[in-house]
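Report on one structure; see the data block that follows.
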Amino acid sequence: MNHNAIMSTNNSLAEALARAKPVKLPERHQMRRSAVAVVLDSDVLADASLLLIRRAQHERDPWSGHMAFPGGRKEDFDRNGLATAKREMHEEVGFDIDAASAGSLGRVIGRLSDFSTRRRAIPIEMIVSPYVFQIEARPRLSPNYEVDDALWIPLAYFADPANRSKIDFEYNGRNHAMPSVPYSDSHVVWGMTLKMIDEL
């Protein structure tokens with residue numbers, strides 16, 4: 001993500017995603033699947049903000065308290081990953097993108113590369129597929145019990161090198177300094193979520 005490119009042009013995200021070639025991992029059909037909804041409130045990169053959530057604290061959730069996109073595991077009744085992303089967005093923040101699409105207020109504009117996840121030192125056989133949505137107006141959000149907070153963060157904030165930092169992460173008994181973007185003391189974006197944002 002290039003800060004100058006974002007701020008100095010009216011680049012269309014939909015056009016950029018149409019030209020992109022997201023990586024679809026070959027093992028995606030043999031592994032557990034998840035999907036997330038990457039929601040932006042404008043198609044113009046310089047004006048766009050991202051919808052992010054902070055996951056509620058839960059001892060069984062390896063991403064407890066982390067900043068993330070709305071999303072979750074693909075269920076048997078989900079037709080595909082896109083259906084999973086839509087359902088999870090509706091469940092977690094109360095936004096029905098299909099209803100918004102019917103009113104010309106929202107649309108799917110593309111997807112990003114698949115990501116393979118790991119929990120601490122224990123591999124989780126899961127593929128996460130990010131689907132990108134663009135909406136015309138910010139909806140009223142109704143976070144459920146899985147979500148501690150939901151907020152909009154300007155895309156340009158992530159592209160500004162001045163906002164980049166490091167966060168310590170323990171893996172295999174060793175501390176690793178991982179790239180991060182602190183938006184506040186309690187809203188630090190890093191890991192898989194930050195990698196997805198950097199692909200935009």
Using +1 on the beta carbon of Lys and Arg, -1 on that of Asp and Glu, and nothing else charged, what's the dipole of the chain about the Cα centre, debye to 20?
620 debye
By per-residue mean of other Cβ atoms within 10 Å, what is the highest-first order of 135-145, 89-99?
89-99, 135-145
Which of the lysines could be linked to Lys86 by a straight reach, that is with a Cα gap under 20 Å, when you skip same-chain ones fewer than 8 residues away?
Lys24, Lys74
Anchor Lys21: aspartates and glutamates whose Cα lies under 16 Å away (excluding residues fewer than 8 positions away in-chain):
Asp114, Asp198, Glu199
Most mobile listed residue (Phe133, Phe169, Phe158) in the chain, GNM with C-alpha springs under 10 Å:
Phe169
Taking the Cα centre of the stretch 15-115 as the origin, how large is its charge dipole in debye, to the nearest 20, when only Lys and Arg (+1) and Asp and Glu (-1) carry charge on their Cβ atoms?
420 debye
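Each reported figure results from applying straightforward, stated rules to the coordinates on display, with no laboratory input. The model shown is predicted, which means the values in this text are computed figures rather than measured ones. Note that we place each Cβ from the backbone using ideal geometry, even for glycine, and neighbour counts take in every protein chain shown.
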